[in-house]
Amino acid sequence: MIELINVKKRFGNRWVTNGVSLKIPRNNMTVIIGRSGEGKSILLKQIIGLIKPNCGQILIDGTDVTKVRNRDTIFEKVGYVFQAAALLDSLTIFENIGLPLLEKNIKPHEILPIVKEKLALVNLTEEVLYKFPVELSGGMQKRVGLARTLMHNPQVMLYDEPTTGLDPVNARIIHELMSSMQKKLGLTSVVVSHDIDIFQYANYVALLQEGVVKHFGEASQVWNSNNPDLYRFIRGLAQKPPTHTWYQPSV
Amino acid sequence: MMITRAADWIGSLVISPCTSIGRFMLFFYQTMCALMRTKPKYGKIFEQMNVIGIQSLTITVITGTFAGAVLAYQSFDGFHRFGGEQLLGTLVALTMIRELGPVLTGLMVTGRAGSSIAAEIGTMRISEQIDALDTLRINPFQYLIIPRIVGATCIMPFLTLFAMIMGICGGYVVSTMFLGLSPEEYTTHISEHVDLLDIMGGLVKSAVFGCIIAWVSCYKGFNTVGGARGVGIATTQSVVSSSILIIIANYFLAMVLFGVSS
């Protein structure tokens, strides 16, 4: 469904993505892992068309995102959950979630049931409806961001580090929510994350390193891999294992 | 090595302003496209007229009043030397209507509302709120930029009108209470020498200044990069650029609107 072919993006003299090629399977959760500064978020923004790559192709259902003139056709299919939720802080939660419909001059009382339905999907109650983002916790803000993205019923969801800055309990809530929605709504989910707990929910994992996808495979295979790069990332080791026989993955 | 560095330096001197102008023109083009293609959101425009205009009324009134007062006070001595005190009111009125009213209001609004626009949009940029609007299929130009530009352009003449009136009143108070002029001496010649075209010219100027303030501030905010420091830089640049552009535009507008009769 989503295919990246030799995607390159340069900022100044540095190639952030340097020939990323990846096939993201439909109706599954694919997680892109990698160290900070490896260009994971940039890659995600290239997939949705917020950043244009210098070269390469990004195909969503056969449509090349890099050549699309009207990006709305992409945004119609693909939802994006921002790292810090990116809620508009001058608007209430109701206005934030219902914004696309409010902008179409649909009456608030007609939007309200839809907003409530989306809030329920992310396990939030009506109590938050008329609060401002600043009055909510980080975890709740992220869930509101998720609800807002679901307003236009996307087929693909892109999550940019959805659990960054959350405590383990809230991080798990978000992971479970992502997983349940992916199954319930049949979504194709692409998650950029540092959080290795996501392996429990992921179907596929890709390791982004030095601007390219170094490894791609099923989550369980990646978790149990003997590959030094994967082992080091998953176990949080700063240095490479000294020898190939040094490590004993046991999961 | 030296030659390469020099070439780099000269190249960057040329490329940098060209890039800035290109970006500004692109921003202008995108705003124009959004303005032509979409229906204006009157609610948002009125909201911005309130934020930019009504909330700047106090500082505008204070500035106008004291500008008129000091103008009368400083000019009195000169007029007194050749016995032309009765022209003081005319001078204050013409200066406030043609120049000081629009320019001072423009500079005040730049400092109060222009900086706020740049900071708000800049913060929205760095916290990905503008990207979020994009992904929600809401045109950021229609949602953020046009209401501010239209709102500032529409409200500035009203604000300037207050500054003009308060400036003339400030001059009146100083002239009649401290400089010994009678109310008639101050007011008689104003109606003789100030005509509707002067007022219209001043109001047209202020509308152009409103447009400049909102346009530059939105542009600077929209192109903010980096974090909090980037927002600070964008805010400073918006105030400096708007102020300079107002001063420059004022000169050319004065030439076009008022001319000089030979």
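The values are calculated or read from the model by the stated rules, or taken from the named source; none is laboratory data. Quick caveat, the model's predicted, so the values are computed rather than measured. Cβ: placed from backbone, ideal geometry, glycine included. Neighbour counts: every protein chain shown. What goes into the accessible areas is simple: the full protein's heavy atoms, side chains included, and nothing from ligands, DNA or RNA. Shrake-Rupley method; radii C 1.70, N 1.55, O 1.52, S 1.80 Å.
Quick notes on this one:
- Residue match in the stretch A:189-196 (condition: open to solvent by 10 Å² or more (accessible area, probe 1.4 Å), at pLDDT below 90 and assigned to a helix (DSSP H, G or I)): yes
Yes/no matrix, rows are residues, columns are (1) crowded, with 18+ Cβ neighbours inside 10 Å; (2) over 22 Å from B:MET164 (Cα atoms); (3) out of contact with any Phe, Trp or Tyr (no Cβ under 9 Å at 6 or more places or on another chain); (4) at pLDDT below 95:
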position	(1), (2), (3), (4)
B:ILE62	no, no, yes, no
B:GLN74	no, no, yes, yes
B:PHE82	no, yes, yes, yes
B:LEU91	yes, no, no, yes
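- B:MET49 vs. criteria of a type in the set (A, V, I, L, M, F, W, C) and either without any contact (Cβ under 8 Å) to a residue 60 or more places away in the chain or open to solvent by 60 Å² or more (accessible area, probe 1.4 Å) (or both): no
Listed here are the residues, each with its yes/no results for (1) touching an Asp or Glu at 6+ places or on another chain (Cβ under 6 Å); (2) closer than 30 Å to B:LEU144 by Cβ.
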site	(1), (2)
A:LYS8	no, no
A:GLY12	no, yes
A:LYS23	yes, no
A:ASN28	no, no
A:GLY39	no, yes
A:ILE60	no, yes
A:ASN70	no, yes
A:LYS77	no, yes
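- As a summary of the residue check, B:ASP195 satisfies the conditions (1) open to solvent by 50 Å² or more (accessible area, probe 1.4 Å); (2) in contact (Cβ under 8 Å) with a residue 24 or more places away in the chain except for the one numbered (2).
- Test: residue in the stretch B:163-174 that is open to solvent by less than 40 Å² (accessible area, probe 1.4 Å), over 24 Å from B:ALA72 (Cβ atoms) and either more than 14 Å from chain A (Cβ to nearest Cβ) or under 17 Å from the mean Cα position of the chain (by Cα) (or both): no
- Residue ranges of helices (runs of 4 or more DSSP H) in the stretch B:164-262 with at least 1 members modelled with pLDDT of 95 or more and among the β-branched types (Val, Ile, Thr): B:196-222, B:228-257
- Scanning the stretch A:3-28 for residues that are assigned to a loop (DSSP other than H, G, I, E, B) and in contact (Cβ under 8 Å) with a residue 12 or more places away in the chain turns up A:PRO25, A:ARG26, A:ASN27, A:ASN28.
- Taking (1) of a type in the set (Asp, Glu); (2) without any contact (Cβ under 8 Å) to a residue 12 or more places away in the chain; (3) closer than 18 Å to B:GLU128 by Cβ in turn, A:ASP89 satisfies each apart from (2).
- Residues considered: B:PRO183, B:PRO157. Of these, the only one that is without any contact (Cβ under 8 Å) to a residue 60 or more places away in the chain, open to solvent by less than 30 Å² (accessible area, probe 1.4 Å), away from chain A (no Cβ under 14 Å) and of a type outside the set (Gly, Ala, Ser) is B:PRO157.
- Reported count of residues in the stretch B:25-46, each being over 25 Å from B:PRO157 (Cβ atoms) and surrounded by 15 or more Cβ atoms within 10 Å (Cβ to Cβ), is 1.
- Residues located in the stretch A:140-187, provided they are of a type in the set (Val, Ile, Thr), in a loop (DSSP other than H, G, I, E, B) and either within 14 Å of chain B (Cβ to nearest Cβ) or open to solvent by 20 Å² or more (accessible area, probe 1.4 Å) (or both): A:THR164
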